Amino acid sequence: MRKKNFKGRCEKRVIAKCNEVCRTYDAIQYAYADILQASDEVKEIRCNVSLDGRDIGHYTSDFVCVKSDNDLMVRECVFRKFLMKPLTVKLLDASREYWLKHGVTD
């Protein structure tokens, strides 16, 4: 998850399954975009999708994908060393709750 107006380093690239330019902000997100691109299960990728209406601020989910059976799949990219940080846990829980309310279970 990233702040909506993240000011860090950004790599822009074109991915065939993404309708817009895919912006990645770290090595994990860059590598996972390649994994999603190569997956036969994924037919469309959206990068940095806004979590509108959250009370925790303006954040985005890293990847929202449409699978081949038209179900949605959400993926967040986090470095292992940050997994137990309180803010990271709070943001991941908020993302999970947001997408569960929108009917996404994967």
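List the residues whose amide H sits under 5 Å from the amide H of residue 18, counting only those 5 or more places along or on another chain, with H placed 1.01 Å from N in the peptide plane.
45
Rank 39, 61 by accessible area, highest first, at a 1.4 Å probe radius?
Numbers: 39 35, 61 0 Å².
Largest accessible area first, the list is 39, 61.
Are there GluC sites (Glu not before Pro) in the range 1-67 that DSSP marks as loop and that have at most 14 other Cβ atoms within 10 Å, and which are they?
On the way: sites: 11, 20, 41, 44; in loops: 20, 41.
Passing both the DSSP loop test and the Cβ count: 20, 41.
Please enumerate, by chain and number, the aspartates and glutamates with C-alpha under 17 Å from the C-alpha of residue 67, excluding those fewer than 8 residues away in the same chain.
Filter leaves 34, 40, 41, 44, 76, 106.
Place +1 on the Cβ of every Lys and Arg and -1 on the Cβ of every Asp and Glu in the chain, take the dipole about the Cα centre, and give the residue among 35, 73, 53 whose Cα lies farthest towards its positive end.
Positive-most Cα among the choices belongs to 53.
Using a cut-off of 29 Å between alpha-carbon atoms, which lysines can reach residue 81, once sequence neighbours fewer than 8 places away in the same chain are excluded?
Filter leaves 3, 4, 7, 12, 90, 101.
Please compute P(r) over all alpha-carbon pairs of the chain, binned at 5 Å starting from zero, and give each bin as a whole-number percent.
All Cα pairs considered, the percentages come to 2, 12, 23, 25, 22, 13, 4, 0.
Would you tally the net charge around residue 13, using a Cβ to Cβ cut-off of less than 13 Å, leaving residue 13 out, and scoring K and R as +1, D and E as -1?
Here the charged neighbours net out to 0.
Starting at the first residue of the range 89-94, write each ³J(HN,Hα) from the Karplus equation 6.51 cos²θ - 1.76 cosθ + 1.60 with θ = phi - 60°, in whole Hz, x for Gly and Pro.
Rounded to whole hertz, the list is 4, 4, 5, 5, 5, 5.
HN-Hα J couplings of the range 67-78 from phi, Karplus 6.51/-1.76/1.60, θ = phi - 60°, integer Hz, Gly and Pro as x?
7, 5, 9, 6, 7, 9, 9, 10, 10, 10, 10, 9
Measuring with a 1.4 Å probe in the full set of protein chains, what accessible area per residue, in whole Å², belongs to the chain?
Result: 64 Å² per residue.
May I ask for the net charge around residue 41, where only other residues with Cβ less than 13 Å from the Cβ of residue 41 are counted and Lys, Arg are +1 while Asp, Glu are -1?
On the way: positive: 17, 43, 67, 75; negative: 40, 44, 69, 71, 106.
Every neighbour counted, the sum reads -1.
With only Lys, Arg, Asp and Glu charged, each at its Cβ (+1 for the first two, -1 for the last two), find how big the charge dipole of the chain is about the Cα centre; round to the nearest 20 debye. List each step's numbers first, then the result.
Working: 20 positive and 16 negative charges, 127 e Å.
In debye, rounded to 20, the chain gives about 620.
Share of the chain's accessible area from carbon and sulfur, percent, 1.4 Å?
Values: 3470 of 6770 Å².
C and S fraction of accessible area: 51 percent.
The values are calculated or read from the model by the stated rules, or taken from the named source; none is laboratory data. Just so you know, these numbers come straight off a predicted model, no measurement behind them. Virtual Cβ from ideal backbone geometry, glycine too; neighbours counted across all protein chains shown. Just the protein is used for accessible areas: all its heavy atoms, side chains included, with ligands, DNA and RNA removed. Shrake-Rupley method; radii C 1.70, N 1.55, O 1.52, S 1.80 Å.
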